[in-house]
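The values are calculated or read from the model by the stated rules, or taken from the named source; none is laboratory data. Please read all numbers here as calculations on a predicted model, not as lab measurements. Neighbour counts are summed over all protein chains in view; Cβ atoms, including those assigned to glycine, are modelled from backbone coordinates with ideal geometry.
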Amino acid sequence: MEFLYTAAPFNFLGLTKAEADFKTAKFVVIPVPFDATASYRSGARFGPAAIIEASRQVELFDLESKREPYEVGIVTMDEIAPVRGSPEQTVQRVKETVQEIIKLKKIPIILGGEHTVALGSINAFDKDVVVVTIDAHADLRNEYEGSKVSHACIMRRVLQSNKKIFQLGVRSLDKKEFELIKKEKNIEVAFMQDILSKGLKPSLKKLAGFCKNKRVYFSLDIDGIDPGDAPGTGTPEPDGLKYGEVLDIMRTVTENAKEVVGFDVVEVAPTNNDVITEYMAAKLIYKMISYIKWK
């Protein structure tokens, strides 16, 4: 007797072509395997494939919403090939791809790769879009290791595009970044030390006001989460956010924003003995899809 073994397609959630038709899809997953400016442990280029692999184990039924969010339509594109040695050109490729997705009135979901790739996605949107980011690091350096387009500089470049930023979970930065935060009117930071001492609620209240009736882009650097829960990242920092707190942040964004225009999950760097991080990343992406309101 012959047995036929089949595996789910290598798409986000393992959706088949019938379940993930590009014409009707509301969300477009865009993998970007790039980590050329990694400054500690490399490997984020393997993040997109690891997230997609893990996502095929995520249950399609969401207990919180009591529905199957994939039914709004989720399609996975082929990887954007990075330009070796050129973060600038890679960012431009991401920007051009996202601009095409926007024209089709779909929501892009960028899978990193290092945080630099999110710059291309953010730059594809008009300056009226505000940015909410979870990150252990401020990423506000003017340049890092000779480059102004680096994972350590992304939010500095976003500021220079006249977009407002709200950061949560920051607990590692240099003195110049701290001084910039104190004087820069277009950035607000919920430092992790304040969240730990006062709880998350005060920060959520400020976040709700920041997002109120705004078009919002959401960026999740996985190192914003406590490394005890998400160890698979290139630059881990202790005392991070918990999974439930990230969900609270995402709910606050989606409940108060006029529109969530796009989002990314970056800096997943798989390790040999860990599937927790990529599975958590996949789960958070699916939760964000479930929270986003549709007209």
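Structural remarks
- Residue check, Glu188 assigned to a strand (DSSP E or B), surrounded by 14 or more Cβ atoms within 10 Å (Cβ to Cβ), more than 17 Å from the chain's Cα centre (by Cα) and of a type outside the set (Val, Ile, Thr): yes
Conditions tested, residue by residue: (1) over 13 Å from Ala282 (Cα atoms); (2) free of Cβ contacts under 8 Å to residues at least 12 places away in the same chain; (3) of a type outside the set (A, V, I, L, M); (4) part of a helix (DSSP H, G or I).
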position	(1), (2), (3), (4)
Pro9	yes, yes, yes, no
Lys23	yes, yes, yes, no
Val28	yes, no, no, no
Ser39	yes, no, yes, no
Ser42	yes, no, yes, no
Ala50	no, no, no, yes
Lys105	yes, yes, yes, no
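- Any hit, the range 159-177, residues being among the acidic types (Asp, Glu) and over 22 Å from Ser42 (Cβ atoms): yes
- Hey, Phe166 under 21 Å from Cys211 (Cα atoms), modelled with pLDDT of 95 or more, aromatic (Phe, Trp, Tyr) and in contact with a Ser or Thr (Cβ under 8 Å, 6 or more places away or on another chain) or not: yes
- Of everything in the range 204-224 that is of a type in the set (D, E, K, R) and part of a strand (DSSP E or B), the residue that is surrounded by the most Cβ atoms within 10 Å (Cβ to Cβ) is Asp221.
- Any hit, the range 131-144, residues being assigned to a helix (DSSP H, G or I), in contact with a Gly (Cβ under 9 Å, 6 or more places away or on another chain) and crowded, with 17+ Cβ neighbours inside 10 Å: no
- Filtered residue count, the range 191-203, keeping only those that are among the small types (Gly, Ala, Ser) and either surrounded by 18 or more Cβ atoms within 10 Å (Cβ to Cβ) or at pLDDT below 95 (or both): 1
- Any hit, the range 274-281, residues being modelled with pLDDT of 95 or more, crowded, with 23+ Cβ neighbours inside 10 Å and closer than 18 Å to Asp62 by Cα: yes
- Checking each residue of the range 92-109 against the condition of being of a type in the set (S, T, N, Q) and modelled with pLDDT under 95 gives no match.
- Some residue of the range 50-64 being farther than 25 Å from Asp223 by Cβ, modelled with pLDDT of 95 or more and basic (Lys, Arg): no
- Only one of the listed residues (Arg215, Arg251) is touching a helix residue (DSSP H, G or I) at 6+ places or on another chain (Cβ under 7 Å) and within 23 Å of Ser121 (Cβ to Cβ). That residue is Arg251.
- Any hit, the range 264-281, residues being out of contact with any helix residue (DSSP H, G or I) (no Cβ under 8 Å at 6 or more places or on another chain), touching a residue at least 40 places away in the same chain (Cβ under 8 Å), in a strand (DSSP E or B) and within 20 Å of Gly120 (Cβ to Cβ): no
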